[in-house]
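Structure first, commentary second.
The values are calculated or read from the model by the stated rules, or taken from the named source; none is laboratory data. This one's a predicted model, so the numbers in the text were calculated from it and none came from an experiment. Here the Cβ positions follow ideal geometry from the backbone for every residue, glycine too, while neighbour counts run over all protein chains shown. Note: accessible area is taken over every heavy atom of the protein model, side chains too, but ligands, DNA and RNA are not part of it. Shrake-Rupley method; radii C 1.70, N 1.55, O 1.52, S 1.80 Å.
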Amino acid sequence: MAQGQFLRNIIVETPSKPGNLGKVTMAIGQLNGDIGDIQTIKVGTVSTIREIALLCNNKEHLDEIVAAIEDLKNGIKVHAVTDDVLQAHEGGKIHMKASHPIRSLADLRRVYTPGVASVCKTIEEDPEQANYFTGISNTVAIVTDGTAILGLGNIGPVAGMPVMEGKAVLFDQFVGISGIPILLDTSNPDEVVETIKHIHQGFGAILLEDIGAPHCFEIEDRLKKELSIPVMHDDQHGTAVVALAAALTACKHVGVDLADSKIGQIGLGAAGLAISRMFIAYGVEELKGIDLNPKATAMLEEFGGIVAQSMEEIMATCDLVIATTGVANLIKPEMVRKGQIILALSNPNAEIMPDVALEAGAAYAADGRLVNNVLGFPGIFRGALNANAKEITYPMLIAAALAIVESTKRDDLVPHPLDPNVHVNVALAVERVVYEEQAK
């Protein structure tokens, strides 16, 4: 399967006879193209025209596939290649919209002057009333400095805006939260922290997004200490929640107890360290990790993990191995120990493909395409805002992971991200923990 992020649609015409679509899909598959949706555009007496969504490694890979389809001949033609992704982003994906229509002067006077003055006075006298009479308690700032956008690296905050808008769309569609992108032109921790501190009163929570290591750790830690609203770096904790859920489900499939298993973490960047901390918080007693950065391994030791001497040590001694290095094919088939669980989570290129790991003897294997943090962050923030939480804690995050596991259908690793029930279940689980913590 292609593991790239180059998504295009091809318009293909085939003779209206059985088997021709199969020829096209076989040509794509033989070149490791990943087929998404197939939509029939026109059915004629002589030919049929279809639109096929295609995920490739790059433009050269796409050109190779198109040429292979054209070489089939016998009436099979590629009419066009379209970019629906760019079209979907034209004009942006979000906009602010009023929750109350203004159809009369009476409406205007209620939502603006003079009526709004009495609401302002109410909040001045009791600032907590802003939670009820403004949208603050249902608004999350999505903050980035653009230093770790997807797998693209430090491309800047403006280039990262489509990701921030996407996050806002998911907040709105899944849990009804208003997400507001905030783009920062600085990566200096002092300046980032000060900026967020100066604007935080307009938000119910802060979501840090695509901020690179190591400054992401300092920024999050300082904001958590200095602000009285929830703060979470999604690349760390959102990913860790879903990774924990996936590991628990994988262990269930294999018939082992995660807490009693020896865990190996290959790669200790923002996600890798967060996953390690999450597993230790869950109750894993032995977790080994490795990274080329000595500062990262030192942080692992601070959190209670063990620094492995080599990747080979992890592969030889650990029952469940998680990899977040971003290095394709880093784990060789001969390293896989029979009965291991392997979660190679780097996107777009996994450290080892699941089919390769299974063939080498792994009891269970999956890659990062399934472990998507969209399963976690919307419900986590919805639950935190509903319960008026002041922070996001590990018990809340573990409850979110368990809710994801409980929402997973038999034989699946995690739920489908478009399943509305998973987001409701995560929110309820998080909210329940907040109330329990407040009652202590």
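Between Gly176, Gly160, Gly202, the distinction of being over 23 Å from Lys390 (Cβ atoms) and small (Gly, Ala, Ser) belongs to Gly160 only.
Scanning the stretch 274-285 for residues that are touching a Gly at 6+ places or on another chain (Cβ under 6 Å) and buried (at least 21 other Cβ atoms within 10 Å of the Cβ) yields a single hit, Ser276. Would you call Asn57 under 18 Å from Lys23 (Cβ atoms), polar (S, T, N, Q) and open to solvent by 60 Å² or more (accessible area, probe 1.4 Å)? Considered against the rule, which asks whether it is under 18 Å from Lys23 (Cβ atoms), polar (S, T, N, Q) and open to solvent by 60 Å² or more (accessible area, probe 1.4 Å), Asn57 comes out as no.
When Ile322 is tested against (1) of a type in the set (Val, Ile, Thr); (2) within 18 Å of Val371 (Cα to Cα); (3) open to solvent by 40 Å² or more (accessible area, probe 1.4 Å), only condition (3) is not met.
When the stretch 67-88 is filtered for residues that are in a loop (DSSP other than H, G, I, E, B) and farther than 16 Å from Thr14 by Cβ, only Asp83 remains. If we keep just the residues of the stretch 222-246 that are under 13 Å from the mean Cα position of the chain (by Cα) and of a type outside the set (A, V, I, L, M, F, W, C), which is farthest from Tyr394 (Cα to Cα)? The extreme case among them is Asp235.
Scanning the stretch 159-186 for residues that are open to solvent by 50 Å² or more (accessible area, probe 1.4 Å) and in contact with a His (Cβ under 7 Å, 6 or more places away or on another chain) yields a count of 1. Is the stretch 134-151 home to any residue that is charged (D, E, K, R), open to solvent by less than 100 Å² (accessible area, probe 1.4 Å) and closer than 29 Å to Lys390 by Cα? Yes, some residue in the stretch 134-151 is charged (D, E, K, R), open to solvent by less than 100 Å² (accessible area, probe 1.4 Å) and closer than 29 Å to Lys390 by Cα. Out of Val66, Val78, Val12, one residue alone is in contact (Cβ under 8 Å) with a residue 12 or more places away in the chain, surrounded by 15 or more Cβ atoms within 10 Å (Cβ to Cβ) and in contact with a His (Cβ under 9 Å, 6 or more places away or on another chain). It is Val12.
When the stretch 81-98 is filtered for residues that are over 20 Å from Gly160 (Cα atoms) and open to solvent by less than 100 Å² (accessible area, probe 1.4 Å), the ones remaining, listed by number, are Val81, Thr82, Ala98.
Selection of the stretch 286-311 for residues being open to solvent by 60 Å² or more (accessible area, probe 1.4 Å) and under 26 Å from the mean Cα position of the chain (by Cα) yields Leu292, Asn293, Lys295. Of everything in the stretch 297-316 that is of a type in the set (A, V, I, L, M, F, W, C) and touching a strand residue (DSSP E or B) at 6+ places or on another chain (Cβ under 8 Å), the residue that is nearest to Ala271 (Cα to Cα) is Leu300.
Closer than 24 Å to Val356 by Cβ, of a type in the set (A, V, I, L, M, F, W, C) and open to solvent by less than 80 Å² (accessible area, probe 1.4 Å) - does that describe any residue in the stretch 34-46? Yes - at least one qualifying residue is present in the stretch 34-46.
For the stretch 267-386, the helices (runs of 4 or more DSSP H) that sit wholly inside it and include 3 or more residues that are in contact (Cβ under 8 Å) with a residue 24 or more places away in the chain are 270-282, 294-303, 311-317, 377-386. Within the stretch 217-265, if we keep just the residues that are open to solvent by 20 Å² or more (accessible area, probe 1.4 Å) and small (Gly, Ala, Ser), the residue that is farthest from Val434 (Cα to Cα) turns out to be Gly255.
The rows are residues; the columns are (1) small (Gly, Ala, Ser); (2) part of a helix (DSSP H, G or I); (3) on the phi > 0 side of the Ramachandran plot.
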| site | (1), (2), (3) |
| --- | --- |
| Leu397 | no, yes, no |
| Ala400 | yes, yes, no |
| Ala403 | yes, yes, no |
| Lys409 | no, no, no |
| Val422 | no, yes, no |
| Ala429 | yes, yes, no |
| Arg432 | no, yes, no |
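Need the failing condition index for His200 against (1) in contact with a strand residue (DSSP E or B) (Cβ under 8 Å, 6 or more places away or on another chain); (2) over 28 Å from Ile155 (Cβ atoms); (3) open to solvent by 30 Å² or more (accessible area, probe 1.4 Å), just the number. Only one criterion in (1) in contact with a strand residue (DSSP E or B) (Cβ under 8 Å, 6 or more places away or on another chain); (2) over 28 Å from Ile155 (Cβ atoms); (3) open to solvent by 30 Å² or more (accessible area, probe 1.4 Å) is unmet by His200, namely (2). Considering the stretch 370-419, and only residues there that are of a type in the set (Asp, Glu) and under 25 Å from Met353 (Cβ atoms), the residue that is surrounded by the most Cβ atoms within 10 Å (Cβ to Cβ) turns out to be Asp412. For beta carbons closer than 7 Å, sequence separation of 6+ or different chains, a first residue in the stretch 133-147 that is without any contact (Cβ under 8 Å) to a residue 24 or more places away in the chain and a second that is open to solvent by 10 Å² or more (accessible area, probe 1.4 Å) and β-branched (Val, Ile, Thr), the qualifying pairs are Phe133/Val119; Phe133/Thr122; Phe133/Ile123.
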